[in-house]
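The structure appears below as structure tokens.
Laboratory data are not the source of any read-out in this text; all were calculated from the coordinates shown. Quick caveat: nothing in here was measured; it's all calculated off a predicted structure. Here Cβ is always computed from backbone atoms with ideal geometry, including for glycine, and neighbour counts include all displayed protein chains.
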Amino acid sequence: MLDKLLRIGKAEKKVVEKIKKYINLLYNSADCLLNIFKNYDLNGTYCVGNFEREADVIKREIIGLIYEGAFLPYVRPNLLRFIEILEKAFDHLKHLSSNFRYLNFQLYKEVEQECFKIAFINAEICQLLLLAFESLEKDNLREKNLAIRIYEKKVDEIKLELVEKLKNLEIKNFWEGKIFSDFLDLLTGFSDIIEDASDHLYILELSLK
């Protein structure tokens with residue numbers, strides 16, 4: 001399918017390559033968080049914002065090329081929606097990295113292993129999303145989409161383990177509990193966004209047929 005995009009012209013080729021870079025920056029952000037969680041590197045949390053700013057430049061370039069006439073009209077809305085979902089994923093990681101800085105780390109250590117597993121999966125599914133986008137060229141999107149769904153289900157399973165552990169944790173005050181709860185919601189919710197982006201690729205695939 002992707003070859004149908006590439007055969008149209010130079011502008012389309014640029015958009016496809018920029019989308020690949022955009023998704024790769026999302027992976028870099030998720031991988032950065034993985035290392036932050038591993039090393040308790042509070043200063044490192046700002047790397048996510050740096051990747052987001054770099055991605056924002058690419059996003060504007062992609063949108064500019066599309067509005068200048070890249071792709072046929074019936075394809076453009078689906079591409080723009082895909083980029084919109086990815087932008088939401090970047091925002092999610094930025095809020096997650098910011099939230100990490102204010103955690104009570106005594107609480108965090110109680111669920112550290114589960115959080116690290118989810119952070120690892122979050123990075124992995126970003127790579128899978130890139131493969132899914134590239135698979136439009138090879139007509140094997142279903143395989144990559146299934147892999148993303150399997151990872152997302154694994155996150156749900158770990159989330160259940162977290163809930164059981166959280167029942168036994170002592171929360172000292174409202175804000176401590178809220179920050180911790182928000183952090184876990186952000187951490188476990190990221191895979192849902194990537195699954196949404198992967199599902200939207202099906203719509204893009206149909207618009208190319």
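Tabulated data
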| quantity | calculated |
| --- | --- |
| Neighbour-limited loop hits for trypsin sites (Lys or Arg not before Pro), segment 129-161 (at most 14 other Cβ within 10 Å; DSSP other than H, G, I, E, B) | Lys138 |
| Between helix 112-134 and the chain: long-axis angle, C-alpha atoms, 0 to 90°, nearest 10 | 0 degrees |
| Principal-axis tilt of helix 46-67 within the chain, Cα atoms, nearest 10 degrees | 20 degrees |
| Relative contact order [Cα under 8 Å, 6+ residues apart], the chain, whole percent | 32 percent |
| DSSP-loop GluC sites (Glu not before Pro) across segment 148-204, with at most 16 other Cβ within 10 angstrom | Glu170 |
| Along the chain, longest interval not containing exposed chymotrypsin sites (Phe, Trp or Tyr not before Pro), exposed being DSSP loop plus at most 13 other Cβ atoms within 10 Å | 103-209 |
| Residues Leu80 and Leu169, FRET efficiency given R0 of 45 Å [Cβ-Cβ distance, rounded to 0.05] | 0.60 |
| Degrees, to the nearest 10: 76-100 long Cα axis against longest axis of the chain | 20 degrees |
| Inter-centroid distance (Cα atoms) of segment 136-191 relative to segment 3-80, Å | 23 Å |
